[in-house]
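No value in this document is a laboratory result; all are computed from the given coordinates. Because the structure is predicted, anything quoted here is derived from the model rather than measured. Reconstructed Cβ throughout: ideal geometry from the backbone, glycine too, with neighbour counts over all protein chains shown.
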Amino acid sequence: MQEEEGAAEGLFVRAGHFMPVFGLRWVEHPTYTRRFGGTPLYSETYGVSASYVKSRFEAHITGFVENPLIDPVRLANGGAIYAELRVDDKTSIGAGGMIDDAYEYTARGVLTAKRYIGTPDLLLQGELMINNPHVTGYGITELVTQLTASYFGPKGLLFDLGWGHYDKNIRIGEVERDAFDLNIHWFATSHLELLLVNRAELIGLGKGGPTGAWSMLQVHYRL
């Protein structure tokens, strides 16, 4: 439902099965701020969201409950807020918060930034998240970050180069993870995409466990 049918701005309200509106909402689900930031793969909840969108800013509020029909990935009920301000026509910054009843409860805060550079055709994106899960009265602090540069190349090519960092407890050394990603997209047609995903991953910069790497080729067909 929207305030004015067909308009790109104004008030929008929806209800259904979807992710809470929170952070940059990366498409690639292995991204740390998604995987460890409350929106991992297959974790859609049932919720109600209200959004107010204008040319210079947007704001979103979402209330959600765990999926009662299946055994869901996320056993959580809660709420999220998120807002973005467009500083100019190429730059935006955002902030938000989420709280849910995972464990005893988990609180999250996020800061985001995006900058488009016209020459070369480059989009820079960054996300910084602090998680504070509480278990049996004890809270820990997690740090999650993601930086990605996306280059829009010729003939339907798109290149993503990214770095992700996840520290599951900032008080303990050599448990943090770092991921280095290179994704190559080829949009052959408006319906067909080939995607080569590559990742190298370290624990404690190689001191906390074995280093791993993998590559995966995907084919996406959109109806």
In whole angstrom, the spacing between the Cα centers of segment 130-150 and segment 1-19 equals 30
Surrounding charge for V144, neighbours by C-beta under 15 angstrom, Lys/Arg +1, Asp/Glu -1, total -2
Once L223 and A50 are pulled to full extension, the length gained, defined as 0.36 nm per residue separation minus their Cα-Cα distance, is 59.5 nm
For segment 49-99 the chymotrypsin sites (Phe, Trp or Tyr not before Pro) that pass both the DSSP coil test and the at-most-11 other-Cβ-within-10 Å test are none
Ignoring GluC sites (Glu not before Pro) buried by more than 12 other Cβ within 10 Å or outside DSSP loops, the longest site-free run in the chain is 6-103
Taking a label point 7 Å from the Cα of E28 along Cα-to-Cβ, the residues of segment 174-206 whose backbone nitrogen sits under 17 Å from it are 177-187, 193-202
So, relative contact order of segment 10-221 in percent, Cα under 8 Å, 6 or more apart, is 12
1/(1 + (r/R0)^6) with r = Cβ-Cβ of A149 and V87, R0 = 22 Å, i.e. FRET efficiency to nearest 0.05, evaluates to 0.70
Residues M19, M98 in order from fewest to most other beta-carbon atoms within 10 Å are M19, M98
For segment 106-120, in residue order, the Karplus 3J(HN,Hα) values (coefficients 6.51, -1.76, 1.60; θ = phi - 60°; whole Hz; Gly and Pro = x) are 9, 10, 10, x, 9, 10, 9, 8, 9, 9, 9, 10, x, 9, x
Reduced to Cα centres, the span from segment 55-86 to segment 94-121 in Å works out to 12
Largest-first semi-axes in Å of the equivalent ellipsoid built from the Cα gyration tensor of segment 41-100 are 29, 11, 10
Restricting to lysines and to Cα separations under 22 Å from K168, and discarding same-chain partners fewer than 8 apart, the set is K207
Computed from the beta carbon distance with a Förster radius of 25 Å, FRET efficiency for H165 and F57 to the nearest 0.05 stands at 0.30
With the 8 Å Cα cutoff and a minimum separation of six or more residues, segment 164-223 has a relative contact order in percent of 31
1/(1 + (r/R0)^6) with r = Cβ-Cβ of V13 and V175, R0 = 41 Å, i.e. FRET efficiency to nearest 0.05, evaluates to 0.50
Filtered hits (lysines, Cα-Cα < 21 Å from K114, offset >= 8 within chain) -> K54, K90
Taking only Cα atoms of the chain, the Rg to Rh ratio with Kirkwood Rh works out at 0.97
